[in-house]
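The values are calculated or read from the model by the stated rules, or taken from the named source; none is laboratory data. Quantities reported herein were computed from a predicted structural model and do not represent experimental measurements. Here Cβ is always computed from backbone atoms with ideal geometry, including for glycine, and neighbour counts include all displayed protein chains. Note: areas computed on protein heavy atoms with side chains; ligands, DNA, RNA excluded. Shrake-Rupley method; radii C 1.70, N 1.55, O 1.52, S 1.80 Å.
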Amino acid sequence: DLFTQAYGHEAGFHYWQTLFVWLVGDNLVALRAASALMGVLTVAVTYSLNKRLFGTDFAILVAAIAAVLFMPVFYSRLALRAISLPVTAGIAACFFWDWLKSGQMRLIIWAGLFAGFSSYTYFASRALPIIFVALFFGLIGFYQMDFQKTWRSWLAFAAVYLVISLPLILFLQNPATVETRISEVDGPLRALLAGDLLPVLQNGLAILGGFGFAGDPLWRQGVAQQPIFDPIFAILFYGGLLVSLGNIRDLRYGFCLIWLGVSIVPSLVTVDAPSTIRMILMLPVTATFPIVGFAQILSW
């Protein structure tokens, strides 16, 4: 469930790499091919989710950006486990949206299954349950979902999610195996819990600027300070954020805003913001917002 080396690694991606080692041998090709295929699957999942939300033409444009955007391409070239998170979480999002549209119990169970699988990818997966909690309260409160008609589905989703994740949760309760890496980078979170909001607010501004001004400061996670989008797409991204906020009563936009907003939390409460690897959960909707902005321009 968890390899204790290197500050603790969730096991899922390493088992995925083992398949490639078995196929082509214990070499660099096997390690990088595993992450490269996950990168391709990330594009496919991004397309699939956005097709459900906004239609085929919209999804094609989003996938085109996702296929060449530096951030996912970079992590697709590394033999690191983080690139597997947007795949499993994105599949969970697709099933979840299908359930919202149809109400079929089997779909929410599949969503819970893949959400549970996400727990075994990368530590930023701990933001995923927050996403679904936010969706629950948003759907019940803001979007007026009938809780009386859907509570069984919500319960089934939570039960499947918990059962799949439980072995890892129990393993992390052992003080001898809890990751030490988090304690090295959670300074802003500790400050927040002590009543000091400044580090989190500074991180929030850095993350917002990371999409178009100054990106991840660490060279090991890409080209240091390179923003996620170039200037043109950054303008479209920020415009798309504003358009989405203006259309928040449309569940499609609310869904994307919740997904993006919660995905940045792991970087928001840790050092070295904006950390792209800690925000990698946002990839299924990262390229959505520039196309929302572009679509708004076309509508004008």
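Of note:
- Helices (runs of 4 or more DSSP H) fully within the stretch 146-202 counting 2 or more residues that are surrounded by fewer than 12 Cβ atoms within 10 Å (Cβ to Cβ) and at pLDDT 95 or above: 147-172
- Of all the numbered requirements in (1) under 30 Å from THR18 (Cα atoms); (2) at pLDDT 95 or above; (3) touching a helix residue (DSSP H, G or I) at 6+ places or on another chain (Cβ under 8 Å), ALA124 misses one, and that requirement is (2).
- Condition met for LEU23 (in a helix (DSSP H, G or I), surrounded by fewer than 21 Cβ atoms within 10 Å (Cβ to Cβ) and aliphatic (A, V, I, L, M)): yes
- Within the stretch 192-210, residues that are under 19 Å from ILE235 (Cβ atoms) sit with their Cβ atoms under 7 Å from residues that are among the hydrophobic types (A, V, I, L, M, F, W, C) and part of a helix (DSSP H, G or I), at 6+ positions apart or across chains, in these pairs: ILE207/LEU268.
- Condition check for ALA295: touching a residue at least 40 places away in the same chain (Cβ under 8 Å), surrounded by fewer than 24 Cβ atoms within 10 Å (Cβ to Cβ) and not β-branched (Val, Ile, Thr): yes
- A search for C-beta distances below 8 Å between a residue of the stretch 80-93 that is without any contact (Cβ under 8 Å) to a residue 12 or more places away in the chain and any residue that is open to solvent by less than 10 Å² (accessible area, probe 1.4 Å) and assigned to a helix (DSSP H, G or I), counting only pairs 6+ apart in sequence or on different chains, returns nothing.
- Cβ-Cβ contacts under 7 Å between residues 6 or more apart (or on different chains), taken from a first residue in the stretch 251-270 that is surrounded by fewer than 23 Cβ atoms within 10 Å (Cβ to Cβ) and part of a helix (DSSP H, G or I) to a second residue that is at pLDDT 95 or above and small (Gly, Ala, Ser), are listed as TYR253/SER244; GLY254/GLY138; LEU257/SER244; ILE258/ALA134; ILE258/GLY138; VAL262/ALA127; VAL262/ALA134; VAL265/ALA127.
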